[in-house]
Amino acid sequence: MEKIKVWQGDITTLEAEAIVNAANHSLLGGGGVDGAIHRAAGPQLKEECKTLNGAETGEAKLTKGYQLPADYVIHTVGPVYKDGNKGEPEQLAACYRNSLKVAADHEIKTIAFPAISTGIYQYPALEAAQIAVKTINESLNSYPTIEQVILVAFDAHTKQRYETELAAIKANNKYHS
Ligand code: ADP
């Protein structure tokens, strides 16, 4: 089985054990993928999120998935992109690393990520795809219990960018498995 897989579609329909939410600091819901996840999970998700007391940029916190096909949601807060010199790359990488750590800590074996920060938070799509693929690939060395990571692309361009980055890593013999 490929450790890192690309899939195009709506993350709320995925049957991965955990899906990651590109949340905001409040963790109480918002627009984009965050709104879609809260709508699909139902109001109990927000009730549990209220107990988490928000999150810092780069942090990741776990809830149940409620009415989602996924058992869990891992809420992480991506950076709002300013000019790339305000720590955004490190913060975006932290989102992927910390989400994978939370998954491993809870013995979650399959986890799906949306393209964190690339919507309302305006992270440039190519750089975000490079950071996502590189960080996930490197982090998997630390979390051998994670069997599969799914990169969810909402559109065909994002899918193409992920596939190009994965191919580059494989060509350099740096691919995890
Ligand atoms: P952020 O505030 O972190 O930028 P957004 O939700 O605005 O978060 O966008 C993050 C990414 O999620 C974008 O690439 C957007 O196209 C994508 N997206 C939006 N809705 C969904 C969905 N239902 N499933 C998967 N990806 C989605």
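Derivation of every value follows stated rules applied to the coordinates shown; laboratory data play no part. Being a predicted model, the structure only gives us computed values, none of them experimental. Positions of Cβ are backbone-derived with ideal geometry, glycine not excepted, and every protein chain shown enters the neighbour counts.
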* **Over 30 Å between alpha carbons, listed pairs LYS5/LYS61; LYS46/LYS170; LYS64/LYS134; LYS3/LYS82; LYS86/LYS109; LYS46/LYS101** => LYS46/LYS170; LYS3/LYS82; LYS86/LYS109
* Cα gyration tensor category, rounded, prolate or oblate, for the stretch 49-177 with a/c compared to 1.5 -> oblate
* Among 6-16, 166-176, how do they line up from the highest to the lowest mean number of other beta-carbon atoms within 10 Å? -> 6-16, 166-176
* Asked: From the Cα gyration tensor of the stretch 4-105, with a ≥ b ≥ c the square roots of its eigenvalues, which class applies: rounded if a/c is under 1.5, or else prolate if a/b is larger than b/c, or else oblate?
  -> prolate
* To do: Calculate for the chain the 222 nm mean residue ellipticity that helices alone would give, adding -39,500 (n - 2.57) per DSSP H run of length 4 or more and normalising by residue count, nearest 500 deg cm²/dmol.
  => -12000 deg cm²/dmol
* Taking the Cβ of each residue in LEU140, LEU52 as the centre, tally the other Cβ atoms inside 10 Å and list the residues starting with the fewest. => LEU52, LEU140
* Asked: Label points 7 Å out from Cα along the Cβ direction at ASP83 and ASN173: separation in nm?
  -> 4.1
* Please give, to one decimal in nm, the separation of the simple spin-label points placed at ASP71 and GLN160, each 7 Å out from Cα toward the Cβ. => 3.8
* Between the stretch 103-124 and the stretch 13-50, the Cα center-to-center distance that results, in Å -> 12
* Positive-end residue of PRO89, GLN148, TYR66, charge dipole of the chain with Cβ unit charges -> PRO89
* Order of ARG97, ARG39 from fewest to most other C-beta atoms within 10 Å? -> ARG39, ARG97
* Mind checking which aspartates and glutamates have their Cα closer than 12 Å to the Cα of LYS50? Skip sequence neighbours fewer than 8 apart in that chain. => none
* **Test item: Cα-centred dipole of the chain, Lys/Arg +1 and Asp/Glu -1 on Cβ, debye** => 120
